[in-house]
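Structure first, then comments.
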Amino acid sequence: MKRFPIFGWLIIVLGILYFFTPLVGTLEWSLRIVSRDSFSLNAYTNVLMSERFQRTFGFSFIAALATIVVSVLLVAPTAYWVHLKLPRLRPWVEFVTLLTFVVPAIVLVFGIVRVYSRPPFSLMETEWGTNFLVIMGYTALSLPYTYRAVDTGLRAIDVRTLTEAAQSLGAGWGTIIFRVIFPNLRVALLSGAFLTFAVVMGEFTISNFILPGIVSFGPYMVNLNQTRPYEAAAVAIISFGLTWTSIGVIQLLGRGAPGQLAGTR
Amino acid sequence: MSFLELTNVRKLFGQVAAVENFNLHVERGEFVSFLGPSGCGKTTTLRMIAGFELPTDGTIRVNNKDITFQPPQKRDTGMVFQSYALFPNMTVADNVGFGLMIAKKSKAEIKQRVDEMLGIIKMFGLGNRYPYQLSGGQQQRVALARALAIRPQVLLLDEPLSALDAKIRISLRAEIRAIQRQLGITTIYVTHDQEEALSLSDRVVVMNNAKIEQVGTPFEIYNFPQTEFTAQFVGTLNTLQAQVRDAARGALVVDGQEISTAQKLDGFNAGDAVTISLRPERVAFYGELQKSNVLNVTIQNITFLGSIVRIQVRSGENIFYMDEFNNPFLALPKIGDQQQITFSREAVLVLKSGDARGKTF
Ligand SMILES: Nc1ncnc2c1ncn2[C@@H]1O[C@H](COP(=O)(O)OP(=O)(O)OP(=O)(O)O)[C@@H](O)[C@H]1O
Ligand SMILES: [Mg+2]
């Protein structure tokens, strides 16, 4: 067994300090709402009891679920079709999904606002319209994550042969997609879904410019930061907890998936 | 009318012809193999029968119905893939019952047929396993059961055994043949393994370079190859260069030594260069046996192959093999020895090669 070199330990310690110092600082700050010398959970109870927290959190939660549904239904069949019939287009599709990393969210928002605030697409006036636009915007933001996850999942199974096997047994496209392909992408779809969830819960730019006032969780956090710093720290800790729980759940579900690798090739 | 008919089938991928001028009639219940080297178009032909590729030209008929442009879902063919292609998310029973579920059969009927199929593949009681809990051989048996459960008109297998190890390959191929006979299902079997094709099939289609070289029973293919390719691909390669000395007598010259063939040499003239084939097992040392042809050769190499000993010999430019059955008292020559070998006139086959002068046999 090779000895773990000093240098390795040093990197680990630095990494831990780098990632955890702000977190510990925030946690400590959030506990000092009552006085400088004692800890209390008041910031957390204040936040959790507040009507605005519940409303914005609820909105973003539901928006995240809607985004997951839309992006899965958009991305999974597309990626499947590209794998099956248009493998040469794969780099292009991947490029398109990565555009949201390249185009700043603020540019995306101005584009959306410009196009959809005048006829023929006046969607900015109604609540339904803005909700719709915001979910489409979130979907665009989640594309790189969902596409990557689904693409990796598709690579792990022999898409073409499984499709042909199902076809020769009489299955149509609907059956093939929902009974053969999707079930084998379960883990991939879940990890895409949790990443999307995390992105939507923290999203600020699109929400702030399209939705009227403080409707979603991201703008709420920013606003809170300016007005009630202790509660803001508490919210930050809560959302960290959420994200980590999501990742934990991905890991757990990923482990128990039958037949992801064995016997598919 | 044959049960499965391919007429003038051709498939181009861009400019490249993957299959050309393919004509084949398969009778109901027949087991036909496509045999040929990698890239010769076996899989492409099979996929056209299954409906995964559309022919560029030609027609495909099953049971007197033109299916050339039918989608695969409507064709009623069962397909078994080299990679098994079981649905990883389903149990063995659900895999086998998949086609029946699609066909909207009742639960009871599906269960009954699945049990019946699991019995046929000798995997009764393993219905609740997932594919990853099975060995390769078991997975391929399940794939076979899945393809057969829908009672297809034609069963198509694309190198189903090539991912398995040698022992299982041999036992499973016998099992496939037995099940095929039991159900009487018309079957096309793609392989590049000549032993597999010869041992399983009613008829073998030898393919090379997108074309059919020869169609015949294993006996015909092995003993009467009609082209140089068939002779070389099926069995051990032994071809010799010779000249015609006297077509009327069937006299040929190999390396200055005269031999003769029982074959008619109509249309050949004295001095024509020809290629002849000679199976290793039909050659013996002179003295053990005395046949009508005798050649002086030099021993080049001796390889022990278990039940036979393969001896490489040389006569002038020609290097070829002879096989001796192994036995403890076999007196083997030494490398470099001069020996006389012998073979019958019937063992000498003159082949039509690519640029042959249109000889038919
Ligand atoms: N989808 C395709 N696009 C372009 N060319 C193809 C395609 N499929 C097959 N070919 C070409 O057609 C020819 C025949 O291929 P095919 O797969 O039928 O060969 P095969 O006899 O099954 O070989 P193997 O024993 O290696 O499986 C090959 O030259 C191959 O490169
Ligand atoms: Mg092939």
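Given 4 °C and 1.567 mPa s, how large is the Stokes-Einstein diffusion coefficient of the range A:30-108 in µm²/s, with Rh as the Kirkwood radius over Cα pairs?
This corresponds to a translational diffusion coefficient of 77 µm²/s.
Positive end of the charge dipole of the range A:50-253 (Lys, Arg +1 and Asp, Glu -1 on Cβ, about the Cα centre): tell me which of A:VAL215, A:MET201, A:GLN167 has its Cα farthest that way.
Value computed over the given set: A:GLN167.
Averaging over all projection directions, find the projected area of the Cα convex hull of the protein assembly as shown and quote it in nm² with one decimal place.
44.5 nm²
Could you tell me the extents of the range A:100-188's C-alpha atoms along the three principal axes, largest first, rounded to whole Å?
51, 27, 18
Can you give me the long-range amide H partners of B:THR91? Hydrogens built in the peptide plane at 1.01 Å from N, cutoff under 5 Å, separation of 5 or more residues or another chain.
none
Enter the buried accessible area of the A/B pair, total of both sides, probe 1.4 Å, in Å² rounded to the nearest 100.
Result for this pair: about 2200 Å² buried.
Just round it to a whole percent: the fraction of Cα-Cα distances in the range A:50-253 exceeding 32 Å.
25 percent
Measure off, as a whole percent, the carbon and sulfur share of the 1.4 Å-probe accessible area of the protein assembly as shown, all protein chains present.
Values: 18380 of 31070 Å².
Whole-percent figure for carbon plus sulfur exposure: 59.
If you take the beta carbon distance between A:THR227 and A:PHE7 as r and set R0 to 51 Å, what does 1/(1 + (r/R0)^6) give as a FRET efficiency, to the nearest 0.05?
Values: r = 46 Å, r/R0 = 0.90.
For A:THR227 and A:PHE7, the calculated efficiency is 0.65.
Can you give the FRET efficiency for A:LEU74 and A:TRP244, using 1/(1 + (r/R0)^6), R0 = 22 Å, r = Cβ-Cβ distance, to the nearest 0.05?
Numbers: r = 28 Å, r/R0 = 1.25.
Once the sixth-power term is evaluated, E becomes 0.20.
Before I look further, what does the protein assembly as shown give for accessible area per residue, probe 1.4 Å, in whole square angstrom? Can you show the working numbers first?
On the way: 31070 Å² over 626 residues.
Accessible area per residue, the protein assembly as shown: 50 Å².
Once you have the alpha carbon radius of gyration of the range B:11-60, what is it after dividing by 2.2 N^0.38 Å, with N set to its residue count?
Cα-based Rg divided by the globular estimate yields 1.16.
Just name one of B:LEU200, B:PRO131, B:ALA210: the one whose Cα is farthest towards the positive end of the charge dipole of chain B (beta-carbon charges, Lys/Arg +1, Asp/Glu -1).
Towards the positive end, the residue furthest out is B:PRO131.
With axes computed from alpha carbons, what is the tilt in degrees of helix B:92-102 against the longest principal axis of chain B, rounded to the nearest 10 within 0 to 90?
It works out to around 70 degrees.
Among A:ARG118, A:ARG186, A:ARG36, which one shows the highest mean-square fluctuation when chain A is modelled as a Gaussian network with alpha-carbon springs under 10 Å?
It is A:ARG36.
Using only atoms on other chains, find how many Cβ atoms lie within 10 Å of each Cβ of peptide B:126-132 and report the average.
For this peptide, the per-residue mean of nearby foreign Cβ atoms is 2.
Over all alpha-carbon pairs of the range B:138-200, lay out the pair-distance distribution in 10 Å bins, whole %, shortest bin first.
20, 61, 19, 0
Assuming a ≥ b ≥ c are the square roots of the Cα gyration tensor eigenvalues, decide whether the range B:221-303 counts as rounded (a/c under 1.5), prolate (otherwise, with a/b larger than b/c) or oblate.
On the way: a/c = 1.75, a/b = 1.19, b/c = 1.46.
It comes out oblate by the Cα gyration axes.
If you put +1 on each Lys and Arg Cβ and -1 on each Asp and Glu Cβ, how big is the dipole of the range A:50-253 around its Cα centre, in Debye rounded to 20? Present the calculation step by step, with values, prior to reporting the outcome.
Numbers: 13 positive and 9 negative charges, 70 e Å.
So the magnitude is around 340 debye.
Can you check what the Kirkwood hydrodynamic radius comes to for the range A:145-265, Cα pairs only, in Å to one decimal?
It is 17.1 Å.
What whole-number volume per residue, in cubic angstrom, does the convex hull of the C-alpha atoms of chain B give?
Considering the Cα atoms of chain B, their hull volume per residue is 168 Å³.
Taking the Cα centroid of the range B:35-66 and of the range A:109-180, what is the distance between the two, rounded to the nearest whole Å?
Rounded to whole Å, the Cα centres lie 36 Å apart.
For the range B:226-361, what is the convex hull volume of the alpha-carbon atoms per residue, in Å³?
About 103 Å³ per residue, rounded to a whole number.
Hey, can you list the DSSP H helices of chain A whose Cα span along the axis is 20 Å or longer and whose average Kyte-Doolittle score is at least 0.0?
Counting only whole DSSP H runs, the qualifying helices are A:6-30, A:51-85, A:127-156, A:186-202, A:229-255.
I'd like the FRET efficiency for A:PHE204 and B:THR59, computed as 1/(1 + (r/R0)^6) with the beta carbon distance as r and R0 of 51 Å, rounded to 0.05.
That pair, A:PHE204 with B:THR59, gives E of 0.20.
Mind checking which aspartates and glutamates have their Cα closer than 16 Å to the Cα of B:LYS74? Skip sequence neighbours fewer than 8 apart in that chain.
The reachable aspartates and glutamates, counting only those whose Cα sits under 16 Å from B:LYS74, are A:GLU164, B:GLU53, B:ASP66.
Ratio of alpha-carbon Rg to the 2.2 N^0.38 Å globular estimate for the range B:156-255, to two decimals, please.
1.37
The values are calculated or read from the model by the stated rules, or taken from the named source; none is laboratory data. Keep in mind the model is a prediction, meaning the values are calculated, not measured. Here Cβ is always computed from backbone atoms with ideal geometry, including for glycine, and neighbour counts include all displayed protein chains. Heads up: the accessible areas ignore ligands, DNA and RNA and are worked out on the full protein's heavy atoms, side chains in. Shrake-Rupley method; radii C 1.70, N 1.55, O 1.52, S 1.80 Å.
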